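Reviewing the structure listed below.
The values are calculated or read from the model by the stated rules, or taken from the named source; none is laboratory data. Since the structure is predicted, the reported quantities are computational estimates derived from the model, not experimental observations. Because the Cβ atoms are built from the backbone with ideal geometry, glycine has one as well, and the counts that use them run over all protein chains shown.
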Amino acid sequence: MPLREVLILFGRAPIAGRCKTRLGRALASFDAAAAIYRELVALVVARVQPLYGRGARVVFSCASSADCAQCARMLEDSGSEHVPCVRAQADVDDLGVRMTEALREAFADGADVACVAGTDIPNFCAAHAEQCFALLTQGADVDSSRGFAVDVVFGPARDGGFYCVAARRGVDEALRRAFEGVQWSTPNTLECCLAGCAREGLSVNATALPRLRDVDELEDLEEFIAEASEADVEFSRIRRLADILRANR
């Protein structure tokens with residue numbers, strides 16, 4: 001019996017003033033920032049399409065239950081063949097609790113391994129999720145927690161945080177405790193999470209995945225576009241990001 005895999009994309013509705021606000025302030029246009037975020041989500045959804053071919057489930061975890069319908073419309077308009085189903089994140093302020101609650105729900109629905117990833121990581125793709133699953137499940141026995149290579153995998157971000165965290169079933173509660181007290185969106189976020197995992201006795205791999213950029217600041221977006229290659233199969237989507245940026249400079 002194959003292991004059951006779930007990718008959970010954390011995101012929000014593309015509402016001006018409620019997404020990518022730092023980018024919106026830099027551009028003096030929250031509408032432009034919302035349009036850019038919509039394109040970033042479409043890009044990530046396109047990049048994870050190969051997961052459907054291996055039988056993995058993909059979920060879009062919306063920051064607010066009130067915005068689930070708008071998120072569903074955004075995904076339907078993304079231009080991809082397969083779109084994630086939409087669920088609401090836990091109604092709490094703490095990001096660590098929201099992530100571990102999303103993992104808990106995935107395991108309750110039958111997943112053996114699950115990965116939470118951001119939707120503002122323009123280079124995140126199916127291969128990164130697949131690598132997480134492989135690192136977790138090397139030699140794993142689907143009917144037991146024994147044999148899992150590690151408990152948790154992090155994808156390190158360039159800013160000191162992480163762009164994804166994956167875990168095997170049975171460790172979500174320990175991971176929730178590991179995340180207690182972590183200050184999010186700081187240069188030390190990943191370091192603090194690793195210390196928490198060590199405290200809880202969780203085995204971790206935080207070095208195998210590449211270091212990727214998330215798009216929070218204008219400079220992040222500019223650098224991503226400047227580094228993009230026409231050989232990228234999603235280059236047309238990247239060109240749309242560049243067009244929005246050009247129109248609002």
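Filter the range 1-28 for residues that are in a loop (DSSP other than H, G, I, E, B), within 20 Å of ILE238 (Cβ to Cβ) and either touching a Lys or Arg at 6+ places or on another chain (Cβ under 8 Å) or among the small types (Gly, Ala, Ser) (or both) and give the result. If you could, list the steps in order and put the result at the bottom.
To start, the set of residues in the range 1-28 that are in a loop (DSSP other than H, G, I, E, B) comprises 1-4, 12-20, 28.
Those still in the list that are within 20 Å of ILE238 (Cβ to Cβ) too: 14, 19-20.
Hits for the range 1-28 are PRO14, CYS19.
Going by the structure shown, is ALA102 at pLDDT 95 or above, part of a loop (DSSP other than H, G, I, E, B) and surrounded by 17 or more Cβ atoms within 10 Å (Cβ to Cβ)? First the steps, then the outcome.
Numbers: at pLDDT 95 or above: yes; part of a loop (DSSP other than H, G, I, E, B): no; surrounded by 17 or more Cβ atoms within 10 Å (Cβ to Cβ): yes.
In short, no.
In the range 173-191, which residues are part of a loop (DSSP other than H, G, I, E, B) and surrounded by 14 or more Cβ atoms within 10 Å (Cβ to Cβ)? Give the derivation first.
Looking only at the range 173-191, we keep the residues that are part of a loop (DSSP other than H, G, I, E, B), and these are 179-188.
Within the range 173-191, PHE179, VAL182 meet the criteria.
Do we find that ARG158 is under 18 Å from ASP120 (Cβ atoms), loosely packed, with under 15 Cβ neighbours inside 10 Å, under 20 Å from the mean Cα position of the chain (by Cα) and of a type in the set (Lys, Arg) in this structure?
For ARG158, the condition - under 18 Å from ASP120 (Cβ atoms), loosely packed, with under 15 Cβ neighbours inside 10 Å, under 20 Å from the mean Cα position of the chain (by Cα) and of a type in the set (Lys, Arg) - is met.
Out of all the residues in the range 1-27, which are of a type in the set (Gly, Ala, Ser), more than 22 Å from MET99 (Cα to Cα) and crowded, with 20+ Cβ neighbours inside 10 Å?
Taking the range 1-27 and keeping what is of a type in the set (Gly, Ala, Ser), we get 11, 13, 16-17, 24, 26.
Keeping just the survivors that are more than 22 Å from MET99 (Cα to Cα) gives 16-17, 24, 26.
GLY24 - this is the single residue of the range 1-27 that is of a type in the set (Gly, Ala, Ser), more than 22 Å from MET99 (Cα to Cα) and crowded, with 20+ Cβ neighbours inside 10 Å.
Can you work out which of the residues in the range 64-78 that are at pLDDT 95 or above and part of a loop (DSSP other than H, G, I, E, B) is surrounded by the fewest Cβ atoms within 10 Å (Cβ to Cβ)?
The extreme case among them is ASP77.
Of all residues in the range 63-102, how many are in contact with a strand residue (DSSP E or B) (Cβ under 9 Å, 6 or more places away or on another chain) and of a type in the set (Asp, Glu)?
Going through the range 63-102 one residue at a time, the tally reaches 1.
Which of the following residues is over 25 Å from VAL150 (Cα atoms) and of a type in the set (Asp, Glu): GLU200, GLU180, GLU234, GLU173?
GLU234
Could you say whether any residue in the range 224-233 is closer than 13 Å to ARG158 by Cα, surrounded by fewer than 18 Cβ atoms within 10 Å (Cβ to Cβ) and touching a residue at least 24 places away in the same chain (Cβ under 8 Å)?
No: zero hits.
Among residues belonging to the range 124-144 that are in a loop (DSSP other than H, G, I, E, B) and modelled with pLDDT under 95, point out the one that is surrounded by the most Cβ atoms within 10 Å (Cβ to Cβ).
Residue satisfying both the conditions and the ranking: ALA140.
Between LEU194, LEU202, LEU221, which is surrounded by 12 or more Cβ atoms within 10 Å (Cβ to Cβ) and part of a loop (DSSP other than H, G, I, E, B)? So that I can check it myself, show each step before the final result.
Numbers: LEU194 fails: part of a loop (DSSP other than H, G, I, E, B); LEU221 fails: part of a loop (DSSP other than H, G, I, E, B).
Of LEU194, LEU202, LEU221, the one residue that is surrounded by 12 or more Cβ atoms within 10 Å (Cβ to Cβ) and part of a loop (DSSP other than H, G, I, E, B) is LEU202.
Kindly establish whether VAL92 is modelled with pLDDT under 95 and under 23 Å from TYR163 (Cβ atoms). Walk me through it before giving the result.
On the way: modelled with pLDDT under 95: yes; under 23 Å from TYR163 (Cβ atoms): yes.
Criteria met by VAL92.
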